[in-house]
Structure formats: structure tokens, C-alpha cells
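The structure appears right after this line, and notes come after that.
Bear in mind that the values in this text are calculations on the coordinates, not laboratory data. Owing to the predicted nature of the structure, the values given are computational and were not obtained by experimental measurement. Don't worry about glycine lacking a Cβ; one is built from the backbone with ideal geometry, like all the others, and counts go over all protein chains shown.
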Amino acid sequence: MTVAVLALQGAFAEHENVLKRLGVDCIELRQAKDLETPYDGIILPGGESTVQGKLLKELGMFDTIKEQIENGMPVLATCAGLILLASEVEGQEGCHFGTIPMCVRRNAYGRQLGSFRTKGQVDGIDGEVPLTFIRAPRIVEVHGDARALAKVDGRIVAARQGNQLGVTFHPELDDDTHLHELFLQM
Ligand code: GLN
């Protein structure tokens, strides 16, 4: 199994470290020709969604990745990556990939509370997992077939639709590998 990590900007190296720890081969997606290498799943890392969205288009990678996701390629998207998948971004016209029917609010926890850690339950994982938030978005609501998988204080922090798993936190920054394992099962 080979997992491709989008490596344009943000916390991609941390995801690669988790994959290595789990013994999974990974490649980096840095330019359009990298999309021709066969792989079984994609990780969209945290960072800055506006920058990532712009680079994906400028580098000619956007349409191919969108098509792969629409055709069932498993995706794990964290934080900014999750914003790329949302069909609606509050206060913003249009969206990026827009492949999960859900509305997200960027930087939803304000400046002071922008970054914090807690623990919580995620559907499909036994026990609690650490949840690390960094200027995190909030999933305001999910629509259609999308399902909320985890909540913190009543706010949705993880959602899944079929082959797509999106979280507003950063599992790649903690030692717990359950979330990545859930993705690898997909
Ligand atoms: N605030 C970032 C954005 O809006 C997301 C933060 C993150 O990925 N840690 O894109």
C-alpha cells in the first residue's frame, strides 16, 4: 500500500512520519507529474487552505486530485485539508474541492483559543484519542450522506463521507496513531 501526501505547504512531514511508523510506503505530491505515480490513498495536511488551494491550481494538480477523490480514492484531510474538501466555507464565495457536503467556518475558535488540546471519542476508534487544535476550523453542519464522527463541546470536529475522512484537529502531531489506522482501513 502506498499513500500520497500532498506536500505543497503545511504539516505534511508529520504525516509522513506517522506513515513510516506504521510501516506504510508514502510518496509526496509536489507537482502534476507526481500524480501519475500509482497510490492507494491521499492525505491532505493542515496548513493554510487558501495557499494550498491556490498552489494546487497554479501547479495544475487540482482537477486530477478532485477527480481521484470523486472516483473513490480514500482521503484523510486534516484542518486546512478538511477546508479544501468542504462544499461550503462560511463567508467565502465558492469552495475548493467541495467533495464533502458540509459547511465549515475557518479559524472558528478565535485568536486566544485558537490552539488547544483535549481528548475525545471518534466513531470507529475504541477509547479516547488526543485532539490537538491549531487555529482550527469548525464543521458547522454536515449534509447529505456526510456523517459527524466526533464532537467537542457539541461542535463537530470529524466527519466522514464514504471514502473521505476529514478532521479539524491534527492527529499527526500526537503519538496516537488510531486516526491514521482508521484511514488505512479505508
Ligand atoms: N487556519 C487555517 C486555514 O484556514 C487552518 C489551520 C490549520 O491547518 N492548522 O486554512
When you have a sec, figure out the Kirkwood radius of the range 137-186 from all distinct Cα pair distances and drop it here in Å to one decimal? 11.6 Å
Express the relative contact order of the range 60-156 as a whole percentage, based on alpha carbon pairs under 8 Å and six or more residues apart in sequence. 22 percent
Relative contact order of the chain, pairs being alpha-carbon contacts under 8 Å that are 6 or more residues apart, as %: 18 percent
Can you tell me the convex hull volume per residue for the range 29-97, based on C-alpha atoms, in Å³ to the nearest whole number? 83 Å³
If you average 1/r over all unlike Cα pairs in the range 101-155 and invert the result, what Kirkwood radius do you get in angstrom? 12.2 Å
List HIS143, HIS96, HIS180 from most exposed to least, where exposure is judged by having the fewest other Cβ atoms within 10 Å. HIS143, HIS180, HIS96
Kirkwood Rh and Cα-based Rg: tell me the resulting Rg over Rh for the range 1-40, rounded to two decimals. 0.96
Highest GNM mean-square fluctuation, the chain, Cα pairs closer than 10 Å: which of ALA77, ALA108, ALA86? ALA108
Please compute, for the alpha-carbon atoms of the chain, the extent along each of the three principal axes and give them in descending order in Å. 42, 39, 31
The range 81-132, Kirkwood Rh and Cα Rg, ratio Rg/Rh at 1.06
Please give the charge dipole size of the range 79-186, origin at the Cα centre, charges +1 on K and R Cβ atoms and -1 on D and E Cβ atoms. Round to the nearest 20 debye. 420 debye
Could you give me the ³J(HN,Hα) list for the range 153-163, computed from phi with Karplus coefficients 6.51, -1.76, 1.60 and θ = phi - 60°, whole Hz, x at Gly and Pro? 6, x, 9, 6, 10, 8, 9, 9, 9, x, 7
When the helices in the chain are scored as -39500 (n - 2.57) per DSSP H run of 4 or longer and the sum is shared across all residues, what 222 nm value do you end up with, to the nearest 500 deg cm²/dmol? -6500 deg cm²/dmol
Can you pull the semi-axes for the range 62-158, root of five times each eigenvalue of the Cα gyration tensor, sorted largest first, whole Å? 22, 17, 12
Determine, for each peptide in 144-155, 51-62, the mean count of other beta carbons within 10 angstrom over its residues, then list the peptides with the highest first. 51-62, 144-155
Chain lengthening between ARG117 and ALA13 when straightened (0.36 nm per residue, less Cα-Cα): 35.4 nm
